[in-house]
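Following: one structure in C-alpha cells, then a few remarks.
The values are calculated or read from the model by the stated rules, or taken from the named source; none is laboratory data. These numbers come from a predicted model, not from an experiment. In this analysis, Cβ positions are derived from the backbone assuming ideal geometry, glycine residues included, and neighbour counts consider all displayed protein chains. Note: accessible area is taken over every heavy atom of the protein model, side chains too, but ligands, DNA and RNA are not part of it. Shrake-Rupley method; radii C 1.70, N 1.55, O 1.52, S 1.80 Å.
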Amino acid sequence: NGYDNYDVEEITKALNSCDINNCRLLLYRVSTSDTEAKLVEMLRRNGKVETQLLKNYGVSNKLSLTTKRFSQVLADVKQLAPAKEYGLVLWSHSVAWAFTRSANPDATVTRSHRLEGFGDDFGETMQIDSLADAIPDGMFHFIWGDVCYMGAIEVAYELRNDTRYFIGSPTETLSYGMPYDQNVPCFFETEANLVQACKNMYNFYNNQGGEYRSVTISMVDCSKLEQVAQVCEEISIADKVIDTRDLLCYNSSSNRFFFDFLQVYNQIANDSQYSRLCDAYNDALVYKAATPKFLNTIVIDSENFSGLSTYVMGSSTARNEMAYKQLEWYKRLYR
C-alpha cells in the first residue's frame, strides 16, 4: 500500500548523507499486476542517488515467494554484488510460522485466501521453514524481519544456521516499519551497529503519540540458541500442562497463540531449570525493548517482556498445529 515507497525515500535520504564507499544496497521488489519483479541497486553517483537495474525477473505473479525464486535472487546477489558480509531485511507481511485467513475474503487467491508464514505476493506466501531452506547456510551476518510477529523463538531457531544475528518484533510491526534513514547508516558502519539500529527503531516509536507509541523489538545471537534449546528440552514442554490465561500474549485476536517465551517456561520449569534457562537466554539475547502498550490493547510489563514469543501446543487451530509441526523447534522439543 505504498509504505515500501516511504522506505525507499528514507533509504535515498540515508544514501545521500552516509559513507557508502565500502557498501552496496540492493533491493528486490516483487511484481504488481503490470510491473516486473526486479533486483536493483540504489547507489550515489555524481552526488545523486540513482537506481540501477541488475536483473529483471519478469511479471512473476505468485513466484517471488517460492523457495526456487528466493534462492535464485540470493544467488544473483552473491554473483552481482560479491561482499565480505551480507545483511538481509525482510519486508511485506508475516504471521511468523503461523496461518491466518486473508483480510479480504473476496480476493481471488489460489491458496484458500490465506496468509501463512512470511510474505504476500498475489496471495502466495512462504512458510518459515521454506524461507530457511532458501537461504544458504551462514550467508548473512544479520537478518531483520521488518514485518509482523517475526520475533519468535521458533523463527530465530529456524534461521539459526543462516544468520549470526536475528532481529524481529513479537508483536505486529506498524506499517511504517523501521526508520531506514537512521538505520541504513548503522548497517553501513565498518561493523554493522545493529544494537544502535534496534535503539533507533525503539526510540522512533516510543516518541510517537497515542496508539502509534507501539513497538517491540529484540535481537538474538543465533549461535547461542542451541544452549537455550538444550535447557528447554530438559524442561520437556511436551509433558506439561500450561495455563495460558494470564500469560502475556503478543497477538490480540481471539485466537491467542504468540505467548511470551520466558513466561511460558517460568510456569513449567523448576527453580534450577528456570535459572539455567534465563542464563542461556540472556547470553543469547543482545537487545530488547518495548513500549508500555501496543496499540493501546496489549499491556507490556517490562519485567515480563522477554523479547521473543513462543507457541503452546493446543492453544490454536489445527491448521496452525500442522504448520508448527514442520518447524525445527517443534522437532527438537516434541520429538
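The table for this structure:
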quantity	calculated
Verdict on residue 128 being farther than 17 Å from residue 201 by Cβ, crowded, with 24+ Cβ neighbours inside 10 Å, at pLDDT below 95 and touching a Phe, Trp or Tyr at 6+ places or on another chain (Cβ under 7 Å)	yes
Pairs where the first residue, in region 158-185, is within 15 Å of residue 217 (Cα to Cα) and in a loop (DSSP other than H, G, I, E, B) and the second is among the aliphatic types (A, V, I, L, M) and open to solvent by 10 Å² or more (accessible area, probe 1.4 Å), C-beta under 7 Å, 6+ apart	171/298
Members of region 35-94 that are of a type in the set (Asp, Glu) and either touching a residue at least 60 places away in the same chain (Cβ under 8 Å) or farther than 25 Å from residue 177 by Cα (or both)	76, 85
Candidates 257, 204, filtered to the one that is of a type in the set (Phe, Trp, Tyr), within 20 Å of the chain's Cα centre (by Cα) and in a loop (DSSP other than H, G, I, E, B)	257
Any hit, region 279-292, residues being surrounded by fewer than 22 Cβ atoms within 10 Å (Cβ to Cβ), small (Gly, Ala, Ser) and outside any helix (DSSP H, G or I)	yes
Tally, over region 77-104, of residues that are more than 19 Å from residue 175 (Cα to Cα) and modelled with pLDDT of 80 or more	13
Any hit, region 294-303, residues being assigned to a helix (DSSP H, G or I) and either over 17 Å from residue 227 (Cα atoms) or in contact with a Lys or Arg (Cβ under 9 Å, 6 or more places away or on another chain) (or both)	yes
Checklist (1) over 30 Å from residue 295 (Cβ atoms); (2) open to solvent by less than 10 Å² (accessible area, probe 1.4 Å) applied to residue 190, failing item	(2)
Those residues of region 122-134 which are more than 17 Å from residue 152 (Cβ to Cβ) and in contact with a helix residue (DSSP H, G or I) (Cβ under 9 Å, 6 or more places away or on another chain), in sequence order	133, 134
Residue match in region 247-265 (condition: touching a strand residue (DSSP E or B) at 6+ places or on another chain (Cβ under 7 Å), modelled with pLDDT under 95, of a type in the set (S, T, N, Q) and closer than 20 Å to residue 150 by Cα)	yes
Considering residues of region 147-187 that are more than 16 Å from residue 94 (Cβ to Cβ) and hydrophobic (A, V, I, L, M, F, W, C) only, the residue surrounded by the fewest Cβ atoms within 10 Å (Cβ to Cβ)	186
Residue that is farthest from residue 194 (Cα to Cα) [pool: residues in region 234-254 that are in a helix (DSSP H, G or I) and open to solvent by 60 Å² or more (accessible area, probe 1.4 Å)]	239
Cross-chain or 6+ apart pairs with Cβ under 6 Å, region 240-262 first and closer than 18 Å to residue 156 by Cβ, then assigned to a helix (DSSP H, G or I) and open to solvent by less than 30 Å² (accessible area, probe 1.4 Å)	261/153
Test: residue in region 317-328 that is in contact with a Cys (Cβ under 9 Å, 6 or more places away or on another chain) and assigned to a helix (DSSP H, G or I)	no
Selection within region 45-96 - open to solvent by 50 Å² or more (accessible area, probe 1.4 Å) and touching a His at 6+ places or on another chain (Cβ under 6 Å)	85
